[in-house]
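K.L.:
Have a look at the structure that comes next, please.
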Amino acid sequence: MTAQRISPARTVTESDIALFAGLTADFSPVHSDAAYAARGVFGRRVAHGLLGMSLAEGLLSRTPGQKAPAVAWEWSFDAPLFAGDTIHAVAEPEPGCRRGDGPACERVTVYREDGSPIQRGRHALEDDDAGIVPPFADVVVREDPTLPPAPTTSPEHADETGVYFEDLEVGDRFTTPGYTLGAFELAAFAGLTGDASAGLFGLTLVEGLKHCLAPDRGVGTPMASLSWRWRRVASLHVGDTVFLEVTIQGKRASRTRPDRGIVAQSIHLVAHGRGILQQGQHVQMFRRRPPGRS
């Protein structure tokens, strides 16, 4: 059994967050608006969860023992990432998921400097002989009919705009505007994250593209990402114009916080003329509609 791999550490800076927002067009107020974020779940601005995930892949790519880039992920978020946090990643071979002389899948945990885990998941490593990597299984999100009706969001959030949990129905579909990939964007992403393959760049565009659905601000008023399942089907190319096809897979009220709801989205990243490049599932927490909002 191959030993675990422990990456070098990396301190996340305000510049990292700003550059990541610019590259991915994800200017969600939880990342960019201090006043808005102060009223939110974490009490202050947070770094993008996908920035942490991308940095972890970049850090692991520079450790001995990784022979191929990751091409599929199952990922969840335990705690927020803030500017000033110093993180490192640990990857361990997943039992029973091997090929040749090395692992085909690894379990990955991202730690803050105090030893607390903030992100964790699994990734599958590229194998030229294996063909298309199968997806990790989706989370099933469905409403529990035994739950009592939930009260709505507190009045302090009544000035928010956008689509709320109640507005989204299973089966709803959305298509975003397009985004054309340039050599600068791909190189800048690789430089920021340290991942020369830029394998997660397609995934990191998802949130920015969803927010392009103005004035609806994506497919809801997000509070936090809970998990991703994602895989690469084909490589990104400079000059690709990509867009998203989003379908609401499932939804349910939160079992512990009645002012919140959970929504699962099936997402395809599509390139004009080339078809699906990447695909997966995103599970997010959304606000319930504030009192007085129609």
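The values are calculated or read from the model by the stated rules, or taken from the named source; none is laboratory data. A quick note: this is a predicted structure, and the numbers were derived from the prediction, not measured. Backbone-built Cβ (ideal geometry, glycine too); neighbour counts: all protein chains shown.
K.L.:
Output the number of the condition that LYS67 fails; it satisfies all remaining conditions of (1) surrounded by fewer than 22 Cβ atoms within 10 Å (Cβ to Cβ); (2) of a type outside the set (A, V, I, L, M); (3) out of contact with any Gly (no Cβ under 8 Å at 6 or more places or on another chain).
P.N.:
For LYS67, the failing item is (3).
K.L.:
Contact list please: Cβ distance under 8 Å, first residue in the stretch 173-199 and closer than 18 Å to MET53 by Cβ, second residue modelled with pLDDT under 95 and part of a strand (DSSP E or B), pairs at least six apart or on different chains.
P.N.:
From the stretch 173-199, the pairs are GLY199/ALA70; GLY199/VAL71; GLY199/ARG232.
K.L.:
With respect to THR152, is the statement that it is in a loop (DSSP other than H, G, I, E, B), surrounded by fewer than 17 Cβ atoms within 10 Å (Cβ to Cβ) and modelled with pLDDT of 65 or more true?
P.N.:
Spelling it out, it is not the case that THR152 is in a loop (DSSP other than H, G, I, E, B), surrounded by fewer than 17 Cβ atoms within 10 Å (Cβ to Cβ) and modelled with pLDDT of 65 or more.
K.L.:
Taking the stretch 272-282 as the region of interest, how many residues are touching a residue at least 12 places away in the same chain (Cβ under 8 Å) and surrounded by fewer than 21 Cβ atoms within 10 Å (Cβ to Cβ)?
P.N.:
Residues that pass the stated criteria total 6.
K.L.:
Now, a different point. Sort through GLY40, GLY58 and tell me the only one that's surrounded by 15 or more Cβ atoms within 10 Å (Cβ to Cβ) and touching a Gly at 6+ places or on another chain (Cβ under 9 Å).
P.N.:
GLY58
Listed here are the residues, each with its yes/no results for (1) surrounded by 18 or more Cβ atoms within 10 Å (Cβ to Cβ); (2) aromatic (Phe, Trp, Tyr); (3) within 18 Å of the chain's Cα centre (by Cα); (4) at pLDDT below 90.
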position	(1), (2), (3), (4)
ASP216	no, no, no, yes
GLY220	yes, no, yes, yes
SER225	yes, no, yes, yes
GLY239	no, no, no, no
ILE248	yes, no, yes, no
SER254	no, no, no, yes
ARG257	no, no, no, yes
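K.L.:
Please work out which residue is modelled with the lowest pLDDT, limiting yourself to the stretch 123-141 and to residues that are in contact with a Phe, Trp or Tyr (Cβ under 9 Å, 6 or more places away or on another chain) and part of a loop (DSSP other than H, G, I, E, B).
P.N.:
If we take residues in the stretch 123-141 being in contact with a Phe, Trp or Tyr (Cβ under 9 Å, 6 or more places away or on another chain) and part of a loop (DSSP other than H, G, I, E, B), then PRO135 is modelled with the lowest pLDDT.
K.L.:
Let me ask something else about it. Answer yes or no as to whether PHE20 is part of a loop (DSSP other than H, G, I, E, B) and aromatic (Phe, Trp, Tyr).
P.N.:
No; evaluated as a whole, the condition is false for this residue.
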